[in-house]
Amino acid sequence: MTEGEKTRLIAWSNEMRSVHERLRNALRVTQEAIAKGDPAAPAARDLLLFCHGFCAALTGHHEGEDRELFPAIGAAHPELRDTIRQLEQDHSMIGHLLGGLQAAVDRASTPEALGKHLEGIAAIMESHFRFEERKLLSVLDSLELEADVGEVFGPL
């Protein structure tokens, strides 16, 4: 194992923080686009791209955690299995909220309606990220997981 590979193995906590920050920024950009946009205006295509992009990024992040990260943590730290189950439930709830946003985008809902969807997602997402970071960052500092970052945290 090279020094770079070793560094990759112990940098999972930094990766999680970084991905969470990028998702927070993507949400903020999407909210700003909605605040400025009118779904009937020519800029609606950009708004749709922001919404689709944000939904895909957050979904990919959670799918990667469920598929790659959480099983590795559960195997290495059985005492965290209840925490992992709670995080997976959050992923399901956020997925449901993202589905509602996607349906609103597909219907060309008003900026106000889209904004309400994003407010709900933002509240749950932030609570989830803070809980996840509080419970898992110290574990991730020592997690030995040989996997691609994009597979673990989604293609951001």
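Data for the structure
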{"quantity": "Number of positions in the stretch 117-145 that are closer than 18 Å to THR59 by Cα and aliphatic (A, V, I, L, M)", "calculated": "6"}
{"quantity": "Conditions (1) polar (S, T, N, Q); (2) at pLDDT below 90; (3) surrounded by 18 or more Cβ atoms within 10 Å (Cβ to Cβ); number of the one not met by GLN102", "calculated": "(3)"}
{"quantity": "The stretch 82-113: number of residues that are part of a helix (DSSP H, G or I) and of a type in the set (Lys, Arg)", "calculated": "1"}
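The values are calculated or read from the model by the stated rules, or taken from the named source; none is laboratory data. Everything numeric here is computed off the predicted structure, so don't read it as measured data. As a convention, Cβ positions derive from the backbone with ideal geometry for all residues, glycine included, and neighbour counts pool all protein chains shown.
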